[in-house]
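Worksheet: one structure, shown below.
The values are calculated or read from the model by the stated rules, or taken from the named source; none is laboratory data. Computed from a prediction, not measured in an experiment: that's the story for all the values here. All Cβ positions, glycine included, derive from the backbone under ideal geometry; neighbour counts span all protein chains shown. We work out accessible area using only protein heavy atoms, side chains counted, and drop any ligands, DNA or RNA first. Shrake-Rupley method; radii C 1.70, N 1.55, O 1.52, S 1.80 Å.
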Amino acid sequence: MWGQPPSAVRRAQPGLFGIAWLMRKKSILSVLGVLFLVSCSPRDFLTRRLAADLISASDGFKVPQQFELQTGVLSNKDYASPEYLVLQHHGWISANPAACSPGMTPPPCWDVLLTPSGVDTVRALIPKDEADKSSLFIPVARRELVSVTGISKQDNLADVDFTWKWVPLNEVGAALYSGDLHYNSTVGFRDYDDGWRIAQSAPRSGQSLDDALKNSEPVP
């Protein structure tokens, strides 16, 4: 009488059976989605965040950089190296002319000593039982990941580009390593049965992490 007949109105509205079917379908899809996510490991998808976490946590990336400071008779080439010039500039080492040891060329040679300031600075950074040795291994810096800049995948292999920098650990490290200089590296990843990992060797693509760090290029 007013508008559509009652039968037409009933046909335009979904019945209880239709509503129940739709709800059941949504529930099934939700359960399937949850089961899919549960069956997947976080390492199954190589994201930039996963790559960054794996690089930062790797032993090769975390190992601190050590500087070998040699005292005693050195060639002029070693004494005039950039690192030793920095140590001279800070007043941590001094040297006197010395006769070159056999096979040490070219002359002149130098007898390198720690200054009193150098003794105070360096010996606080090394174990006491190594303080009197002629070769002193000083931990000077650690690596810090700046960002993952790109991922290129092919089948179960990937190349991951990342940027990192040195973070000085002490006064000697701050003199030898700039925290402002960034480096670009590329490391190979492989998709194993338990997910993506840094490849120990990458014969077909990329390179190992050790090689990636050795072959780093300063960011212009």
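Of Asp161, Asp191, which residue is in contact with a Gly (Cβ under 8 Å, 6 or more places away or on another chain), surrounded by fewer than 19 Cβ atoms within 10 Å (Cβ to Cβ) and in a strand (DSSP E or B)? First the steps, then the outcome.
Values: Asp191 fails: in contact with a Gly (Cβ under 8 Å, 6 or more places away or on another chain).
Criteria check complete, one pass: Asp161.
For the stretch 95-121, how many residues meet the condition of being among the hydroxyl-bearing types (Ser, Thr, Tyr) and under 16 Å from Val172 (Cβ atoms)?
Step one: filter the stretch 95-121 for residues among the hydroxyl-bearing types (Ser, Thr, Tyr), giving 101, 105, 115, 117, 121.
Among the residues that remain, those that are also under 16 Å from Val172 (Cβ atoms) are: 115, 117, 121.
Final tally of qualifying residues: 3.
Select from the stretch 126-142 the residues that are of a type in the set (A, V, I, L, M, F, W, C) and either open to solvent by 60 Å² or more (accessible area, probe 1.4 Å) or without any contact (Cβ under 8 Å) to a residue 40 or more places away in the chain (or both) and list them in ascending order. If you could, list the steps in order and put the result at the bottom.
Filtering the stretch 126-142 down to residues of a type in the set (A, V, I, L, M, F, W, C) leaves 126, 131, 136-138, 140-141.
If the condition is that a residue be of a type in the set (A, V, I, L, M, F, W, C) and either open to solvent by 60 Å² or more (accessible area, probe 1.4 Å) or without any contact (Cβ under 8 Å) to a residue 40 or more places away in the chain (or both), then Ile126, Ala131, Phe137 are the ones that fit.
Kindly check whether there is at least one residue in the stretch 11-30 that is modelled with pLDDT of 60 or more, over 30 Å from Ser208 (Cβ atoms) and not in a helix (DSSP H, G or I).
Checked against the condition, which is being modelled with pLDDT of 60 or more, over 30 Å from Ser208 (Cβ atoms) and not in a helix (DSSP H, G or I), the stretch 11-30 yields at least one hit.
Filter the stretch 143-157 for residues that are open to solvent by less than 50 Å² (accessible area, probe 1.4 Å) and modelled with pLDDT of 95 or more and give the result.
Selection gives Arg143, Leu145, Ser147, Val148, Gly150.
Would the stretch 66-76 turn up any residue that is closer than 30 Å to Trp164 by Cα, polar (S, T, N, Q) and touching a strand residue (DSSP E or B) at 6+ places or on another chain (Cβ under 6 Å)?
Step one: filter the stretch 66-76 for residues closer than 30 Å to Trp164 by Cα, giving 66-70.
This time we only want the ones that are polar (S, T, N, Q), so: 66, 70.
Adding the requirement that they be touching a strand residue (DSSP E or B) at 6+ places or on another chain (Cβ under 6 Å) leaves 66, 70.
Checking the stretch 66-76: at least one residue is closer than 30 Å to Trp164 by Cα, polar (S, T, N, Q) and touching a strand residue (DSSP E or B) at 6+ places or on another chain (Cβ under 6 Å).
How many residues are open to solvent by 20 Å² or more (accessible area, probe 1.4 Å), more than 16 Å from Ala212 (Cα to Cα) and not basic (Lys, Arg) when one looks only at the stretch 42-63?
6
Residue by residue through the stretch 44-63, note down the ones that are of a type in the set (Lys, Arg) and closer than 13 Å to Arg142 by Cα.
First, the residues of the stretch 44-63 that are of a type in the set (Lys, Arg): 48-49, 62.
Matches in the stretch 44-63: Lys62 only.
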